[in-house]
């Protein structure tokens, strides 16, 4: 679908007059497209019209944003003074939340429209407008994400909490250090059940999803104890470092969902440099729903490297500190056993840092109530952390110095443009997780069900950041791939990315006209289509070289990855293709049957014999085509992987036809008189 049609569908009728007049600007460029002429006067008129639209959009955006702020302040004042009932106030706050989501969509659609029309202008005219227009666009930053959006969300969360609870309880603020080491609740068998669901979220729907969830759950505001008092953040940066060995035993056990498989990782908020609250976690997979039982303890940055090498300095200092603080002997013993157990598992299995994930998390939860918790992870990146882990790797890279447990060139500098393209993978979507604690016969809250069935979420069964990152970054080495990588489609294209959100460095293209707007399409991509492109881009260049060198050296290459079989999506065109194949066989059979009947009815004795042979070939071909059609139809309906090809049937038909033609020639020339 063209952008003009997409724009008409996205326009809010109430704000219709404030949108970019894309059709008028496109009509202005019609002269250049059709007549191939675009004078300097035409260029001046087009630029003035474009700038007028930009001013219109920016002015409306600022006015609407100011109105929203005033409405929020008005709601806060009315609530504090008790001037309105809770129900009417909730309706008013809901309207404000809707306006914020609409304004976000308004800015995104108009930004895309400006880029589209400038790209069309530069392609069809002799003038290059992009550099000048980008300077002008930066002066009207209606499209930029800024801290004002977070402030609005925090304020909305507080208003919804007050109305929902009927008191002055505001949004919960939790320290980063404490939230980092959240203890998982263990429920008595049969008393409660934990339900975990994961979803993919398109980047265009992130803000709308936040405003939707805020109506039911407040956002958690994180206070960083290492920063100034009062600093708040609703989406702190979280980094997780995963450990595995050269055989990728941890990955294989997780991709196969092996029960009781264990995963060791290090997780921290913000920068790792000098971080005093790095959590060492060991997650044990409990069941097929991928809920985990976690063992964890906190360690300082300066002790991590020694801990991974098997040193006991951290444990000795921690035990002394616990003894001086008055901890019980049982607590100290339990802590000692846990630290030794995790350290021994790392040393015995030769585990090293292999993968790091970086993302920003927005958490939603009613303080003190763990029945429904939600987390939205954005700006997700996967970074390779292995350093000389694989002995058969041709191009070895020392990503980490010898005495460093993490690579120093990647911290929280998103989008990590300083790293090489095969060192980092920027995930094209956000992930959303819902955790619910329900009774044995308790059903999910209706608003949660409605959210799952809406258009904002795409189900991601058993999605794991660790498994996905390993499969993407080590796709030529892992022996198995997760099932969701088998469901790859190619029915979408990339959306335009705002300059502030660009994850990849700009490509080096000599033509200045297309450098900014490369691959800027408007169709919303599916998860699988973007993933397919990411996989193809991330394939290491040395894989082909390694296979060439294998015949000359003793290098042992890793096994070729095999995908787990998954159900195949069947479109109507597949059935139509099967029918067309049957009609082709039927056409051939009818033509051959017509020829054979004509030869039988009007020919001599040789003609009658040959007519019978051609008729047998025709009837046999018709029956074969019908049988092939029904067999393939059943395979398609059952969504089986095949086989759909057929080698024997066409070969037999060809030889039968060749035999009939040869017999016809033989009889005609051998018995020209006898059979007359």
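Here 587, 608 are screened, and the one residue that is out of contact with any strand residue (DSSP E or B) (no Cβ under 7 Å at 6 or more places or on another chain), closer than 15 Å to residue 661 by Cα and either loosely packed, with under 14 Cβ neighbours inside 10 Å or modelled with pLDDT under 85 (or both) is 608.
Only one entry of 93, 100, 79 meets the criterion of being in the same structural domain as residue 60 (by TED's automatic domain parsing), modelled with pLDDT of 80 or more, farther than 24 Å from residue 361 by Cβ and touching a helix residue (DSSP H, G or I) at 6+ places or on another chain (Cβ under 8 Å), and that entry is 93. The lone criterion from (1) at pLDDT below 85; (2) within 26 Å of the chain's Cα centre (by Cα) left unmet by residue 254 is number (1). Restricting attention to segment 446-475, the residues that are outside any helix (DSSP H, G or I), at negative phi and either at pLDDT below 80 or in contact with a strand residue (DSSP E or B) (Cβ under 9 Å, 6 or more places away or on another chain) (or both) add up to 10.
So for segment 321-332 (the condition being in a helix (DSSP H, G or I), farther than 25 Å from residue 463 by Cβ and within 39 Å of the chain's Cα centre (by Cα)), does at least one residue qualify? So far as segment 321-332 goes, no, none of its residues is in a helix (DSSP H, G or I), farther than 25 Å from residue 463 by Cβ and within 39 Å of the chain's Cα centre (by Cα).
Look at segment 436-452: where a residue is touching a residue at least 40 places away in the same chain (Cβ under 8 Å), no partner that is part of a helix (DSSP H, G or I) sits 6+ places away or on another chain with Cβ atoms under 6 Å.
Here residue 644 clears all of (1) exposed (fewer than 12 other Cβ atoms within 10 Å of the Cβ); (2) in a loop (DSSP other than H, G, I, E, B) except the condition numbered (1).
Sub-7 Å Cβ pairs linking a first residue in segment 344-355 that is at positive phi and in the same structural domain as residue 239 (by TED's automatic domain parsing) to a second residue that is surrounded by fewer than 18 Cβ atoms within 10 Å (Cβ to Cβ) and at pLDDT below 90, at least 6 apart or interchain, are 350/245, ordered by first then second residue.
Within segment 586-601, residues that are over 15 Å from residue 622 (Cα atoms) reach partners that are at pLDDT below 85 and surrounded by fewer than 16 Cβ atoms within 10 Å (Cβ to Cβ) with beta carbons closer than 9 Å, at six or more positions or on different chains, in the pairs 599/608; 600/608; 601/608.
Every residue, every condition in (1) at pLDDT below 90; (2) part of a helix (DSSP H, G or I), yes or no:
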{"position": "336", "(1), (2)": "no, yes"}
{"position": "339", "(1), (2)": "no, yes"}
{"position": "342", "(1), (2)": "no, yes"}
{"position": "356", "(1), (2)": "no, no"}
{"position": "370", "(1), (2)": "yes, no"}
{"position": "381", "(1), (2)": "no, no"}
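Inspect segment 312-327 for any residue being within 25 Å of residue 471 (Cα to Cα) and in contact (Cβ under 8 Å) with a residue 12 or more places away in the chain and give the result as yes or no. Among the residues of segment 312-327, not one is within 25 Å of residue 471 (Cα to Cα) and in contact (Cβ under 8 Å) with a residue 12 or more places away in the chain, which makes the answer no.
Say whether the condition of being part of a loop (DSSP other than H, G, I, E, B), touching a residue at least 24 places away in the same chain (Cβ under 8 Å) and closer than 30 Å to residue 303 by Cβ is met by at least one residue in segment 423-431. Yes, segment 423-431 contains at least one residue that is part of a loop (DSSP other than H, G, I, E, B), touching a residue at least 24 places away in the same chain (Cβ under 8 Å) and closer than 30 Å to residue 303 by Cβ.
Out of curiosity, is residue 443 surrounded by 16 or more Cβ atoms within 10 Å (Cβ to Cβ) and assigned to a loop (DSSP other than H, G, I, E, B)? Against the criterion (surrounded by 16 or more Cβ atoms within 10 Å (Cβ to Cβ) and assigned to a loop (DSSP other than H, G, I, E, B)), residue 443 does not qualify. Restricting segment 258-275 to residues that are surrounded by fewer than 17 Cβ atoms within 10 Å (Cβ to Cβ) and touching a residue at least 40 places away in the same chain (Cβ under 8 Å) leaves a set whose member that is farthest from residue 308 (Cα to Cα) is 271.
Residues of segment 611-634 being over 15 Å from residue 665 (Cα atoms) and surrounded by 16 or more Cβ atoms within 10 Å (Cβ to Cβ), which ones? The answer is 615, 617, 618, 621, 622, 624, 625, 628, 629, 632.
Summed over segment 292-311, residues that are touching a residue at least 40 places away in the same chain (Cβ under 8 Å) and closer than 21 Å to residue 275 by Cα total 7.
Taking residue 456, is it in the same structural domain as residue 249 (by TED's automatic domain parsing) and either surrounded by fewer than 18 Cβ atoms within 10 Å (Cβ to Cβ) or touching a helix residue (DSSP H, G or I) at 6+ places or on another chain (Cβ under 6 Å) (or both)? Yes; evaluated as a whole, the condition is true for this residue.
Starting from segment 634-656, take each residue that is within 22 Å of residue 579 (Cβ to Cβ) and list its partners that are at pLDDT below 85 and exposed (fewer than 10 other Cβ atoms within 10 Å of the Cβ), counting only C-beta distances under 6 angstrom and pairs at least six apart or across chains. No pair meets every condition. All conditions but one from (1) closer than 30 Å to residue 205 by Cα; (2) in contact with a strand residue (DSSP E or B) (Cβ under 6 Å, 6 or more places away or on another chain) apply to residue 277; the one that does not is (1).
So that you can scan it fast, the table gives a plain yes or no per residue for (1) in a helix (DSSP H, G or I); (2) over 33 Å from the mean Cα position of the chain (by Cα); (3) surrounded by 13 or more Cβ atoms within 10 Å (Cβ to Cβ):
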residue	(1), (2), (3)
296	no, no, yes
311	no, yes, yes
316	yes, yes, no
345	yes, no, yes
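The values are calculated or read from the model by the stated rules, or taken from the named source; none is laboratory data. Please read these numbers as outputs of a predicted model, since none were measured by experiment. No Cβ is skipped: glycine too gets one built from the backbone with ideal geometry, and neighbour counts run over all protein chains shown.
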